[in-house]
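S.K.: This structure is in structure tokens; I'll ask about it shortly.
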There are 2 protein chains.
Amino acid sequence: MRFPSVGTDPAHHKDCLATANWLVGQLQAMGFEAGLRQTTGQPLVLGRSAPPGGEKLPHVLFYGHYDVQPADPLELWTSPPFEPVIRKGSRGQDAIFARGSADDKGQLMTFLEASRCWLKVHGVLPFRLTVMIEGDEESDPAHIDTFLKRNAREFPVDAAFICDTGMWDAKTPGIDTRLRGCMGIEFTVIGPKIDLHSGLYGGPVQNPIKVVSRIVAAMHDKRGKITIPGFYDGVKPIPAKLRKQWAGLKFPAKKFLGDVGLGIPAGEQGFTALEQMWARPTAEVNGIYGGYRGVGSKTVLPSEATAKLTFRLVEGQDPKAIRRAFKAFVKALVPADCKVRFDDSGGDSSGIAVSEDTPWIRAARAALKAEFGRDAVLMGAGYSIPVVESFKKHLKVDSLLTGFGLADDNAHSPDEKYDVASFRRGTRSWARIFAQFAGK
Amino acid sequence: MRFPSVGTDPAHHKDCLATANWLVGQLQAMGFEAGLRQTTGQPLVLGRSAPPGGEKLPHVLFYGHYDVQPADPLELWTSPPFEPVIRKGSRGQDAIFARGSADDKGQLMTFLEASRCWLKVHGVLPFRLTVMIEGDEESDPAHIDTFLKRNAREFPVDAAFICDTGMWDAKTPGIDTRLRGCMGIEFTVIGPKIDLHSGLYGGPVQNPIKVVSRIVAAMHDKRGKITIPGFYDGVKPIPAKLRKQWAGLKFPAKKFLGDVGLGIPAGEQGFTALEQMWARPTAEVNGIYGGYRGVGSKTVLPSEATAKLTFRLVEGQDPKAIRRAFKAFVKALVPADCKVRFDDSGGDSSGIAVSEDTPWIRAARAALKAEFGRDAVLMGAGYSIPVVESFKKHLKVDSLLTGFGLADDNAHSPDEKYDVASFRRGTRSWARIFAQFAGK
């Protein structure tokens, strides 16, 4: 945590390299064959455990990242961001304060320390292990994706373990089994070839702002369902068991919304707020503009108007099919007298749902229950974690996402911290997962 | 036309004053009691004809403006803008080229020359006449409005004559009897108190862009009718005679739209494009914005979104009632969890329709028919002419709007011109209008 490994800032390239080399040293000290690999971004730390013997043992890829978010605004930190210190957190608990303590240095070290301990006690791990720690997670997921695509054959692994997520709460562990994908698109409706005087032309002339508004308004029905034909193709119902577990969490939707100035859950009817965010797709407008946007009034009838959208997608939805379906939906609503232009540069990623029934998830659930004394929540995340999709796409493996972060960790903010209990119980949890595979 | 009386440019204040003084001289030479009056803007030229005898004679206010639009870009002028010259226009006709030749110096001189001739032949005018020529028409209608409000009692007139509009075409005179008013309003819908991550929050959180789009989309039904309750209160049907005359004009709607890159008349069904622009109200969105508007994609769920609107109004509609009705319409569509903020600074003006049956219009129609050999078109204008409303409000009189400008006059553009025929036939037309009142 003393390395200011701010990946996005060229001034910290050297610090990133130093962090990566420090990690290589740690892995080598554990008997791993380890080194740096060049990528299109920061150097990648790769380490392979000494062959534990037995080709039949599963091969696990552990993933973390050593880059951190920039620390500014510095004046809001209680202690300097790159001088880690243990003091009390807001709940009276011991916590280590530093940039990167939670995201992701503290988290990734839970796995490495568990490995180190296991090796010390048992000599060999219960699986073949490749450790991959990247330096571009906070800045650009394309680097690791490109690396995996180019070098997929080097990684004939059976599963990926990722320690970069959070617990349900300080007492309840969590495993992320659902991540929403994202498809971004922008469309511009063009009416008259120039801006017109709305007094002179108002009436017989198409107004692109009205057209865009009508399209946006038509995307949802009164129950919050998305009306684009084919949008829900492939979407599976949320398993009854999962809905039951989530209902049992008694997610305080009103408080959650109250924290951002709202109070009444909106969105798709028939689903709880948690289900909406974790397991249902959305169509969101991220930006809209057209015509006059300065102070006061201007009687212009604009030539064009634009909306920027992202669709959060769940497992089973094909982003490319949805892009096509959305374009057809828009075109059907654009009057014959207007043109429409699309911008596809928003990119796309698929939604991911990991079966709750893989050996990896089963092992993790058993281990976390043993450590915490309560069932791990099978959580969803509303956003995508791009590397999960890269593993799926290039290495053809699912990821086990478990981590020990908490909502109050201030990841990406001043006074980032990681509870000492997260570190200790996280480390023990991984050791318990190892034990599941070792049959111990 | 040699005076560069650009009212909006302080460097031309002296030129404006010189123009005004020149006009005073012209009026005095015609035997008028004339002088300058201070306003909150440029000096106002006022002249009163020598009492023609007979208190029973009607009192006419003639209005024009001596200020002109700036002349730049100068390089696009064929001859210098303030060195008037007669040469051939694009139809082979003689035209005088200069800034202000059409708007409004040439036009106002048709009336003054008609008066001068009439006085020379008959000695007295067939009505009492006050001439009012302002210098702020192109920059700020508030100055003349303030002057009229403060000094209304000085002008106990029966009608206002305005020569600042156009003919239907080069062969067909026109009288403007309908001007649309305008009410401007802006509304902002506020959802979450800060911009949110659309992955994390997308689902249960209200998106203000969607709310604004829904409101904009709901303003019109499928037939282009405005759905705001009470919006059409007071709107009278277009008189059948007028519709018939307008239909006879065979307005080339497709060509009109084609010139701005469109081709299919939109708007309120059941009305022609000309009827829509001249005699029907509209609800137009002049601007919309919310969320991310930069290049590329940003997964933000924005805190607020705004739409700027203007409503074109026709006679009978009360702008203040429509402002209230629109606010109620918006509030009814804003979800309980969002707030809405209105900005009323857009101001308002009423739509105006002059009865086709006043003595002034009757006289003008007869005179114009005698001069041009065809009926004057009773035209509408989609935009407001603020001084008409000021006359109505402060002096309680209707205006007779007739002028001899043509669509190809390049008013406000380089190479502004006024056809010599417009000047000659305009002058003769006014003399014929005088004759109507004199019973000659």
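The values are calculated or read from the model by the stated rules, or taken from the named source; none is laboratory data. Please read all numbers here as calculations on a predicted model, not as lab measurements. Neighbour counts are summed over all protein chains in view; Cβ atoms, including those assigned to glycine, are modelled from backbone coordinates with ideal geometry.
S.K.: Return yes when B:Pro43 is at negative phi, in contact with a strand residue (DSSP E or B) (Cβ under 7 Å, 6 or more places away or on another chain) and modelled with pLDDT under 95 and no when it is not.
M.R.: So B:Pro43 does not fit the description; no.
S.K.: Continuing with the same structure: From the list A:Ala363, A:Ala325, A:Ala332, pick out the single residue that is among the small types (Gly, Ala, Ser) and in contact with a Gly (Cβ under 8 Å, 6 or more places away or on another chain).
M.R.: Result: A:Ala325 is the single residue among A:Ala363, A:Ala325, A:Ala332 that is among the small types (Gly, Ala, Ser) and in contact with a Gly (Cβ under 8 Å, 6 or more places away or on another chain).
S.K.: A:Arg280: more than 27 Å from B:Thr188 (Cα to Cα) and at the interface with chain B (Cβ under 7 Å from one of its Cβ atoms), yes or no?
M.R.: So A:Arg280 fits the description; yes.
S.K.: Sticking with this one: Any idea which of B:Ser349, B:Ser345 is within 24 Å of A:Arg293 (Cα to Cα), surrounded by fewer than 15 Cβ atoms within 10 Å (Cβ to Cβ) and polar (S, T, N, Q)?
M.R.: Unique residue meeting the criteria: B:Ser345.
Matching residues to (1) aliphatic (A, V, I, L, M); (2) at positive phi; (3) in a loop (DSSP other than H, G, I, E, B):
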| residue | (1), (2), (3) |
| --- | --- |
| A:Met379 | yes, no, no |
| A:Ser384 | no, no, yes |
| A:Phe391 | no, no, no |
| A:His394 | no, no, no |
| A:Val397 | yes, no, yes |
| A:Leu401 | yes, no, no |
| A:Ala411 | yes, no, yes |
| A:Asp415 | no, yes, yes |
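S.K.: Return the residue satisfying two criteria in turn: it lies in segment A:181-212 and is outside any loop (DSSP other than H, G, I, E, B) and free of Cβ contacts under 8 Å to residues at least 60 places away in the same chain, and of such residues it is nearest to A:Ser345 (Cα to Cα).
M.R.: Only one residue tops the list, namely A:Lys210.
S.K.: Follow-up question, since we're still on this one. Among (1) within 7 Å of chain B (Cβ to nearest Cβ); (2) on the phi < 0 side of the Ramachandran plot, where does A:Pro208 come up short?
M.R.: The single condition A:Pro208 does not satisfy is (1).
S.K.: Of the residues that make up segment A:177-184, is at least one away from every other protein chain (no Cβ under 14 Å) and either closer than 30 Å to A:Ala407 by Cβ or crowded, with 24+ Cβ neighbours inside 10 Å (or both)?
M.R.: yes
S.K.: Turning to a different aspect of this structure: Hey, A:Ser90 hits all of (1) surrounded by 16 or more Cβ atoms within 10 Å (Cβ to Cβ); (2) in a loop (DSSP other than H, G, I, E, B); (3) of a type in the set (Ser, Thr, Tyr) but one; which does it fall short on?
M.R.: Among (1) surrounded by 16 or more Cβ atoms within 10 Å (Cβ to Cβ); (2) in a loop (DSSP other than H, G, I, E, B); (3) of a type in the set (Ser, Thr, Tyr), the lone unmet condition for A:Ser90 is (1).
S.K.: For segment A:100-146, what are the residues that are assigned to a helix (DSSP H, G or I), over 26 Å from A:Ser79 (Cα atoms) and in contact with a strand residue (DSSP E or B) (Cβ under 6 Å, 6 or more places away or on another chain)?
M.R.: Answer for segment A:100-146, where residues must be assigned to a helix (DSSP H, G or I), over 26 Å from A:Ser79 (Cα atoms) and in contact with a strand residue (DSSP E or B) (Cβ under 6 Å, 6 or more places away or on another chain): A:Phe111, A:Ile144.
S.K.: Among the listed residues A:Ala71, A:Ala95, which satisfies the condition of being part of a strand (DSSP E or B) and among the small types (Gly, Ala, Ser)?
M.R.: A:Ala95
S.K.: Go through B:Leu112, B:Leu108, B:Leu23 for me and flag whichever is crowded, with 22+ Cβ neighbours inside 10 Å and without any contact (Cβ under 8 Å) to a residue 60 or more places away in the chain.
M.R.: B:Leu108
S.K.: Go through (1) under 24 Å from the mean Cα position of the chain (by Cα); (2) within 23 Å of B:Pro141 (Cβ to Cβ) for B:Phe3 and report which single condition fails.
M.R.: (1)
S.K.: Please work out which residue is nearest to the other protein chains (Cβ to nearest Cβ), limiting yourself to segment B:237-251 and to residues that are surrounded by 12 or more Cβ atoms within 10 Å (Cβ to Cβ) and out of contact with any helix residue (DSSP H, G or I) (no Cβ under 8 Å at 6 or more places or on another chain).
M.R.: Ranking the qualifying residues of segment B:237-251, first place goes to B:Ala247.
S.K.: Another question, if that's okay. Could you say which residue among A:Gly316, A:Gly287 is among the small types (Gly, Ala, Ser), in contact with a Lys or Arg (Cβ under 9 Å, 6 or more places away or on another chain) and within 30 Å of A:Ala376 (Cβ to Cβ)?
M.R.: Matching residue, one of A:Gly316, A:Gly287: A:Gly316.
S.K.: While we're here: Would segment B:317-340 turn up any residue that is touching a strand residue (DSSP E or B) at 6+ places or on another chain (Cβ under 8 Å), in a loop (DSSP other than H, G, I, E, B) and away from chain A (no Cβ under 14 Å)?
M.R.: Yes, that holds for at least one residue.
S.K.: Identify, from the list B:Phe187, B:Phe111, B:Phe155, B:Phe127, the residue that is within 14 Å of chain A (Cβ to nearest Cβ) and touching a helix residue (DSSP H, G or I) at 6+ places or on another chain (Cβ under 7 Å).
M.R.: Step by step, each of B:Phe187, B:Phe111, B:Phe155, B:Phe127 is checked, and only B:Phe187 is within 14 Å of chain A (Cβ to nearest Cβ) and touching a helix residue (DSSP H, G or I) at 6+ places or on another chain (Cβ under 7 Å).
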